[in-house]
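Chemist: Below are the structure tokens for one structure; questions will follow.
The values are calculated or read from the model by the stated rules, or taken from the named source; none is laboratory data. All values derive from a computational prediction rather than experimental measurement. Glycine gets a Cβ as well: all are built from the backbone with ideal geometry, and neighbour counts include every protein chain shown.
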Amino acid sequence: MTLIDQIDKERIPAHIAIIMDGNGRWAQAKGQPRTAGHAQGVEVVKNIAADAARIGVKFLTLYAFSTENWNRPTAEIEALMKLILDYLEEETFMKNNIRFRVIGGVDLLPPAVQKRLNDCIEHTAANDRMTLTIALSYSSRWELTHTMQKMANDVKKGILQPEDITEDFISSRLLTNFMPDPDLLIRTGGELRISNYLLWQCAYSEFYFCDTYWPDFDAECLYKAIIDFQHRQRRFGKTGDQVREEAQNPS
Ligand code: FPP
């Protein structure tokens with residue numbers, strides 16, 4: 001049985017978040033500059049976005065550039081910005097009926113990238129097959145800090161009461177308020193950490209780590225992650241018996 005046949009099409013994770021790691025090591029292993037890994041990584045982004053949309057994933061959220069990545073050598077940052085700029089072709093999104101979004105400190109990005117991002121967001125707003133979100137100049141602690149500062153200001157101004165700050169309210173104030181929490185978080189490249197990515201949102205996500213470097217990640221790797229996800233029992237703090245009972249007697 002092929003991998004795709006092993007996937008239960010009724011239980012596709014609605015939201016997959018990915019930490020795309022290993023571009024640099026992939027390139028260095030081939031004796032190429034790190035930026036060659038990023039360039040190949042962009043090709044994989046295009047393929048995986050189309051594969052995910054085809055299989056029925058509704059939200060795909062990719063960690064492309066963290067706030068900490070600003071500390072990389074200038075030449076690597078510039079190369080990454082150029083790749084992102086070249087990637088942002090509305091045509092690809094339109095062809096696949098993909099809505100494009102971005103989360104992060106967008107105002108820190110070069111003006112040309114900001115403009116292209118905004119154009120893509122605007123022109124793909126009505127697409128509804130899948131939402132592809134790129135996290136750019138993003139980190140979760142940065143996002144939480146800014147959100148808390150804004151809420152504290154609202155309390156100070158008297159337009160927000162402290163008791164109204166519930167979990168749902170906090171989620172609604174985060175940059176990710178247009179997407180559900182990730183069901184599955186994938187990290188490629190062999191490292192076992194989440195590197196300041198969607199910390200609030202991944203409270204109940206299933207984690208999947210693979211050794212494959214991002215430039216080698218393909219549809220088969222994605223299917224393996226989904227199959228692994230489908231073999232897990234998500235308990236959300238309940239017991240296994242409770243979850244089985246609820247599945248047998250849905251309310
Ligand atoms: C991690 O690999 C990857 C990044 C920091 C950048 C990811 C960016 C892309 C795949 C290209 C741009 C994305 C889009 C959406 C157009 P690393 O460089 O940390 O690899 P290493 O751990 O092997 O050094």
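Chemist: Which of the residues that make up the range 36-65 are among the hydrophobic types (A, V, I, L, M, F, W, C) and away from the ligand (no atom under 12 Å from the Cβ)?
Modeler: Taking the range 36-65 as the starting set, the residues that turn out to be among the hydrophobic types (A, V, I, L, M, F, W, C) are 36, 39, 42, 44-45, 48-50, 52-53, 55, 57, 59-60, 62, 64-65.
Answer for the range 36-65, where residues must be among the hydrophobic types (A, V, I, L, M, F, W, C) and away from the ligand (no atom under 12 Å from the Cβ): ALA50, ALA52, ALA53, ILE55, VAL57, PHE59.
Chemist: Being closer than 22 Å to VAL57 by Cβ and charged (D, E, K, R) is the requirement here; does ASP119 meet it?
Modeler: Numbers: closer than 22 Å to VAL57 by Cβ: no; charged (D, E, K, R): yes.
Judged against the criteria, ASP119 is not a match.
Chemist: Any idea how many residues of the range 77-111 are of a type in the set (Asp, Glu) and modelled with pLDDT of 95 or more?
Modeler: Going through the range 77-111, the residues of a type in the set (Asp, Glu) turn out to be 78, 86, 89-91, 107.
Now narrow it down to the ones that are modelled with pLDDT of 95 or more: 78, 107.
Total meeting the criteria: 2.
Chemist: Restrict the check to the range 220-235 and report whether at least one residue is within 18 Å of the chain's Cα centre (by Cα), under 17 Å from LEU3 (Cβ atoms), buried (at least 17 other Cβ atoms within 10 Å of the Cβ) and within 16 Å of the ligand (Cβ to nearest atom).
Modeler: Among the residues of the range 220-235, at least one is within 18 Å of the chain's Cα centre (by Cα), under 17 Å from LEU3 (Cβ atoms), buried (at least 17 other Cβ atoms within 10 Å of the Cβ) and within 16 Å of the ligand (Cβ to nearest atom), which makes the answer yes.
Chemist: Which one of these does CYS120 not meet: (1) without any contact (Cβ under 8 Å) to a residue 60 or more places away in the chain; (2) of a type outside the set (Lys, Arg); (3) surrounded by fewer than 16 Cβ atoms within 10 Å (Cβ to Cβ)?
Modeler: Tallying (1) without any contact (Cβ under 8 Å) to a residue 60 or more places away in the chain; (2) of a type outside the set (Lys, Arg); (3) surrounded by fewer than 16 Cβ atoms within 10 Å (Cβ to Cβ), CYS120 fails exactly one: (3).
Chemist: In the range 66-102, how many are of a type in the set (D, E, K, R) and within 9 Å of the ligand (Cβ to nearest atom)?
Modeler: Residues meeting the conditions: 3.
Chemist: Return yes or no: is ASP128 in contact with a Lys or Arg (Cβ under 9 Å, 6 or more places away or on another chain) and in contact (Cβ under 8 Å) with a residue 24 or more places away in the chain?
Modeler: On the way: in contact with a Lys or Arg (Cβ under 9 Å, 6 or more places away or on another chain): yes; in contact (Cβ under 8 Å) with a residue 24 or more places away in the chain: yes.
Taking the combined requirement at face value, the residue satisfies it.
Chemist: For the range 1-114, please list each of the strands (runs of 3 or more DSSP E) lying entirely inside it that holds at least 1 residues being touching a residue at least 24 places away in the same chain (Cβ under 8 Å) and farther than 22 Å from ASP228 by Cβ.
Modeler: Working: elements: 15-19, 59-66, 98-103.
It comes to 59-66, 98-103.
Chemist: A further question on this structure: Collect the residues in the range 221-237 that are among the charged types (D, E, K, R) and not in a helix (DSSP H, G or I), keeping them in residue-number order.
Modeler: Hits for the range 221-237 are ARG232, ARG234, ARG235.
Chemist: Out of the residues in the range 191-219 that are hydroxyl-bearing (Ser, Thr, Tyr) and farther than 26 Å from GLN32 by Cβ, which is nearest to the ligand (Cβ to nearest atom)? Steps first, answer last, please.
Modeler: Of the range 191-219, the ones hydroxyl-bearing (Ser, Thr, Tyr) are 195, 197, 204-205, 208, 212-213.
Narrowing the set further to residues that are farther than 26 Å from GLN32 by Cβ leaves 197, 204-205, 208.
Working: TYR197: 11, TYR204: 25, SER205: 20, TYR208: 17 Å.
Step by step, filter the range 191-219, then rank; the result is TYR197.
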